[in-house]
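What follows is one structure encoded as structure tokens, with my remarks underneath.
The values are calculated or read from the model by the stated rules, or taken from the named source; none is laboratory data. In this text, all values refer to a predicted model and were calculated from it rather than measured experimentally. Neighbour counts run over all protein chains shown; Cβ positions are idealised from the backbone, glycine included. When the accessible area is computed, the model is the full protein with side chains, heavy atoms only, and any ligands, DNA or RNA have been set aside. Shrake-Rupley method; radii C 1.70, N 1.55, O 1.52, S 1.80 Å.
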Amino acid sequence: MTSSELWTRATADRYDAEEAEASSAAVLGPALAFLAELAGDGRALEFAIGTGRVGVPLRERGVPVVGIELSEHMAAVLRRKADEDTLPVVIGDMATTVVPGGFTLVYLVYNTITNLLTQDEQVECFRNAARHLEPGGRFVIELGVPPLRLLPPGQVAVPFDVFQRHLGFDTFDLVEQILVSHHFTRDGDDAYYRRENSRHRYAWPAELDLMARIAGLELERRVADWDGSPFTQDSAKHVSVWRKPA
């Protein structure tokens, strides 16, 4: 069983509303163009497809998409948007679940590889991607760079969102490479905030490159965002592409 925390029905039902900005054309458009170009005329497999925020519009662009999703509740929300014939989804974890056929693209977006809380499971995720890829196919990950440069000595928390309706900050265990993402969300106009948190294992780009090598993949490209902007030491995240040798 994967160490990923299982998303509940309540979380799944409000996910799309809370991620409306991330689903906007301005944010999602460059990602869809990037992924569609890599998929070419082949099929795409999305690890942790969730409610279909990326997979559904990518399918609408003409790319055949298959998904793997651990949470049945998240997959149920996706089913309101696309039926099984249009976008097949297999319930299972992204590190070990196998679906039939080969793919020109496997992708894992929105920091989701960090849901796997051990290095071994993250390595298995890379191996599973390689297992599904056709020769010459690509594995793509979108992932934030750990913001440890923002931690002064003795501090363990970094805020990432400070607004009236949402407060978010991450706390870090620097030995185990575990961060806990804390969210305080105000749903209505009263003074009460709903508290949620989730655990993640953060990883550096160089560590992911080693995982890729273990899985037989080669780094092809790393950029700072879906628009192709250069990745630098000041980049807050990266989009990395590894290729399975032909």
Residue list for region 182-236, filter: out of contact with any helix residue (DSSP H, G or I) (no Cβ under 9 Å at 6 or more places or on another chain), small (Gly, Ala, Ser) and under 29 Å from Arg127 (Cβ atoms):
Ala206, Ala224, Ser235, Ala236
Checked Thr86, Thr96 against criteria (among the polar types (S, T, N, Q), outside any strand (DSSP E or B) and under 30 Å from Val180 (Cα atoms)); the one match is Thr96
Inspect all residues belonging to region 122-136 and state whether any of them is part of a strand (DSSP E or B), open to solvent by less than 40 Å² (accessible area, probe 1.4 Å) and within 17 Å of Ala203 (Cα to Cα).
no
Subset of region 157-214 (residues that are under 22 Å from the mean Cα position of the chain (by Cα) and among the polar types (S, T, N, Q))
Thr171, Gln177, Ser181, Thr185, Asn197, Ser198
In this structure, does Thr2 turn out to be β-branched (Val, Ile, Thr) and open to solvent by 20 Å² or more (accessible area, probe 1.4 Å)?
no
Among the residues of region 27-46, is any closer than 19 Å to Leu116 by Cα, open to solvent by 10 Å² or more (accessible area, probe 1.4 Å) and touching a residue at least 24 places away in the same chain (Cβ under 8 Å)?
no
State all residues of region 227-244 that are in a loop (DSSP other than H, G, I, E, B) and either open to solvent by less than 20 Å² (accessible area, probe 1.4 Å) or small (Gly, Ala, Ser) (or both); if no residue qualifies, say none.
Gly228, Ser229, Ser235, Ala236
Failed item, numbered, when Arg61 is tested on (1) of a type outside the set (Asp, Glu); (2) free of Cβ contacts under 8 Å to residues at least 40 places away in the same chain; (3) open to solvent by less than 20 Å² (accessible area, probe 1.4 Å):
(3)
Here the residues within region 177-207 that are within 30 Å of Leu219 (Cα to Cα) and loosely packed, with under 15 Cβ neighbours inside 10 Å are Trp204, Ala206, Glu207
Conditions first: (1) surrounded by 17 or more Cβ atoms within 10 Å (Cβ to Cβ); (2) without any contact (Cβ under 8 Å) to a residue 60 or more places away in the chain; (3) in contact with a strand residue (DSSP E or B) (Cβ under 9 Å, 6 or more places away or on another chain); (4) on the phi < 0 side of the Ramachandran plot. Lys81 passes all but one, so which condition is the exception?
(3)
Starting from residues that are in a loop (DSSP other than H, G, I, E, B) and of a type outside the set (Gly, Ala, Ser), keep the ones in region 212-226 and report whichever is least open to solvent (accessible area, probe 1.4 Å).
Leu217
